[in-house]
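The values are calculated or read from the model by the stated rules, or taken from the named source; none is laboratory data. Here the structure is a predicted model, which means the values were calculated and not measured. Every residue, glycine among them, receives a Cβ derived from its backbone with ideal geometry; neighbour counts consider all protein chains shown.
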Amino acid sequence: MAVIVNNKKKYVLDFTTENGSKYYFDGITGTIIPINNIMEDIVEMYPQYNTEEIKIKLMSKYPIEQIQSCISFIERWVCYKYK
């Protein structure tokens, strides 16, 4: 699966454990990242919307603090390989 954030692409393997927990495996950094519903929603929205639009669209579903925290994490993680 390709994760696209700010026009940068990162390929990850997404998988779900037997108990239903979701993760992304980043083969470049070797990182396994637990994914919750909010992070999954944000990642799916990134190719179509900028961060402000994502916040507006998700504010009725999640607390703004959680949205901002997840956006910050995703942007740091995706941009990591480009530094």
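In region 23-53, the residue that is surrounded by the most Cβ atoms within 10 Å (Cβ to Cβ) out of those that are of a type in the set (A, V, I, L, M, F, W, C) and in a strand (DSSP E or B) is 35. Sub-9 Å Cβ pairs linking a first residue in region 44-64 that is touching a residue at least 12 places away in the same chain (Cβ under 8 Å) to a second residue that is among the acidic types (Asp, Glu), at least 6 apart or interchain, are 45/53; 51/75; 54/41; 57/41; 58/41; 61/41; 62/41, ordered by first then second residue.
Selection of first residues in region 13-33 that are without any contact (Cβ under 8 Å) to a residue 24 or more places away in the chain and of second residues that are among the aliphatic types (A, V, I, L, M) and outside any strand (DSSP E or B), restricted to Cβ pairs under 7 Å at least 6 apart or on distinct chains, gives the following pairs, ordered by first then second residue: 14/1; 24/12; 25/12. For region 1-41, a residue qualifies if it is in contact with a Phe, Trp or Tyr (Cβ under 9 Å, 6 or more places away or on another chain), within 20 Å of residue 69 (Cβ to Cβ), at pLDDT 80 or above and not aromatic (Phe, Trp, Tyr), and the qualifying residues are 22, 26, 31, 32, 33, 34, 35, 37, 38, 39, 41.
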